[in-house]
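The values are calculated or read from the model by the stated rules, or taken from the named source; none is laboratory data. Just so it is clear, the model here is predicted, and its values are computed rather than measured. Heads up, the Cβs are rebuilt from the backbone with ideal geometry, glycines too, and the neighbour counts pull from every protein chain shown. These area figures cover heavy atoms from the full protein model, side chains too; ligands, DNA and RNA do not enter into them. Shrake-Rupley method; radii C 1.70, N 1.55, O 1.52, S 1.80 Å.
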Amino acid sequence: MLLFSFVTYYTSSLLTDCYRTGDPVSGKRNYTYTDAVRSILGGYKVKACGLIQYLNLFGISIGYTIAASISMMAIKRSNCFHESGGKNPCHMSSNPYMIMFGVSEILLSQIPDFDQIWWLSIVAAVMSFTYSGIGLGLGIAKVAATGTFKGSLTGISIGTVTQAQKIWRSLQAIGDIAFAYSFSVILIEIQDTVKSPPEEAKTMKKATKLSIAVTTVFYMLCGSMGYASFGDFAPGNFLTGFGFFNPFWLLDIANAAIIIHLVGAYQVFCQPIFAFIEKWATQRWPESYFITKEFKIPVPGYRHPYKLNMFRLVWRTGFVMLTTVISMLLPFFNDVVGILGALGFWPLTVYFPVEMYIQQKKISKWSSRWICLKMLSMACLMISIVAGAGSIVGVILDLKVYKPFKTTY
């Protein structure tokens, strides 16, 4: 985790310098990640970057749908378990909860520029601190109650799992950690909302340093205390893995905070895809009534009418429905997250920032700095490959015992 945090901070600092081409104060703005790659690198790398970025964002929306449904079920199951006094195992399907999440996202996706709503980030931050704090507190309480730290420095015991399973799961875990630090995928888009002066890169570097420091502390504490609490039987997510039955109301608050966070985060990560497709469609068919026409609908108690666009309604609804159906088909949160982390980490967090920095700063080939940057990129490529392999094996093993749309917890 520390290694990933250092690498992510360094490469994110390189990426922030790519928001403007040329002069950091007055140079041409690049409004999206793909714009930065087009302006600085050009060629086939633009299409490669766009494909990987939007595929990653599409995958993140699937991961968030799965995660939200698991938290919804955790609330229902903890209440069911409490009411039955622990006698009812409270098995249930995840499908209705994914559909509920999908319906809420269809409604929210119709709000233009949802990601520009200023209070969204504040709500997300408060929710993050809430569920992380509760999880950490419960972990400390469990360790204090038992008086022992479970687990070992070498990880899960052979016997609980086989040697091969341990290796594959360890590689998958690397992908999960990579996913946890994958904000570079929308860093340029976020930087575009920052006011200047001071120059955007300076503000973004400070924000990146603070956010990575805070999240790493919480990752380390929650990960360590979760493992110390459960040892070999640590669940994939210690808030939703049903490790803590009491106090059940506190678990409900934590899982509700996760759901609220993910409802907003889903929209923030999907906005670049929405904007890209809508911009492309407008340029492709500028005369189309269906694509360009906006109907003004008065909203009671609100000064400005809502602008309904039929193409936006159909396209965004279809997108959310597709991510919901795929989530129901592949409801394996840890495996899916591991694949996404492996897919996005090297190209978007390391490769493109490094290549753009080399081009932007005109670093000469075979200089010591050029060699160090290339070595960093190659090392991260190897990490992404092994993490991807571990996560794919995890999905294959899950599929052997899985029936489509029949998953119960």
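Of note:
- Enumeration of residues in region 275-285 that are touching a helix residue (DSSP H, G or I) at 6+ places or on another chain (Cβ under 7 Å) and of a type outside the set (A, V, I, L, M): Phe276, Glu278, Thr282, Trp285
- Scanning region 112-137 for residues that are at pLDDT below 85 and either open to solvent by less than 70 Å² (accessible area, probe 1.4 Å) or of a type in the set (Ser, Thr, Tyr) (or both) returns Pro112, Phe114, Asp115, Ile117, Leu120, Ser121, Ala124, Ala125.
- Looking only at residues in region 361-386 that are over 30 Å from Arg169 (Cβ atoms) and among the aliphatic types (A, V, I, L, M), the one that is surrounded by the fewest Cβ atoms within 10 Å (Cβ to Cβ) is Ile371.
- Residues in region 387-409 that are among the hydroxyl-bearing types (Ser, Thr, Tyr), at pLDDT below 75 and open to solvent by less than 80 Å² (accessible area, probe 1.4 Å): Tyr402, Thr407, Tyr409.
- Residue check, Lys293 surrounded by fewer than 16 Cβ atoms within 10 Å (Cβ to Cβ), free of Cβ contacts under 8 Å to residues at least 24 places away in the same chain and of a type in the set (D, E, K, R): yes
- Filtering region 190-216 to residues that are under 17 Å from the mean Cα position of the chain (by Cα) and not small (Gly, Ala, Ser) leaves Ile190, Thr208, Ile212, Val214, Thr215, Thr216.
- Hits in region 11-54 - residues which are open to solvent by 20 Å² or more (accessible area, probe 1.4 Å) and in contact with a Leu (Cβ under 8 Å, 6 or more places away or on another chain): Ile52
- Residue-level analysis places Ile358 among those that are under 24 Å from Gln53 (Cβ atoms), open to solvent by less than 40 Å² (accessible area, probe 1.4 Å), in a helix (DSSP H, G or I) and among the aliphatic types (A, V, I, L, M).
- Considering residues of region 185-242 that are of a type in the set (Asp, Glu) and in a helix (DSSP H, G or I) only, the residue least open to solvent (accessible area, probe 1.4 Å): Glu200
- Residue check, Leu343 open to solvent by 60 Å² or more (accessible area, probe 1.4 Å), closer than 27 Å to Val46 by Cβ and in contact (Cβ under 8 Å) with a residue 40 or more places away in the chain: yes
- Selection of first residues in region 36-64 that are under 30 Å from Ile258 (Cβ atoms) and of second residues that are assigned to a helix (DSSP H, G or I) and polar (S, T, N, Q), restricted to Cβ pairs under 8 Å at least 6 apart or on distinct chains, gives the following pairs, ordered by first then second residue: Gln53/Thr34; Phe58/Thr323; Ser61/Thr323; Ile62/Thr323; Ile62/Ser327.
- Of all residues making up region 297-328, the number that are open to solvent by 80 Å² or more (accessible area, probe 1.4 Å) and in contact (Cβ under 8 Å) with a residue 12 or more places away in the chain: 2
- Within region 172-184, the set of residues being among the hydrophobic types (A, V, I, L, M, F, W, C) and open to solvent by less than 20 Å² (accessible area, probe 1.4 Å) comprises just one member, Ala178.
- Region 140-171, residues that are at pLDDT 85 or above and open to solvent by less than 50 Å² (accessible area, probe 1.4 Å): Val143, Lys166, Leu171
- Applying the criterion of being among the polar types (S, T, N, Q) and farther than 15 Å from Asn56 by Cα to the residues of region 243-284, the residue that is surrounded by the most Cβ atoms within 10 Å (Cβ to Cβ) is Asn255.
- Whichever residue in region 66-108 is in contact with a Cys (Cβ under 7 Å, 6 or more places away or on another chain) and assigned to a helix (DSSP H, G or I) and, among such residues, is surrounded by the fewest Cβ atoms within 10 Å (Cβ to Cβ): Cys80
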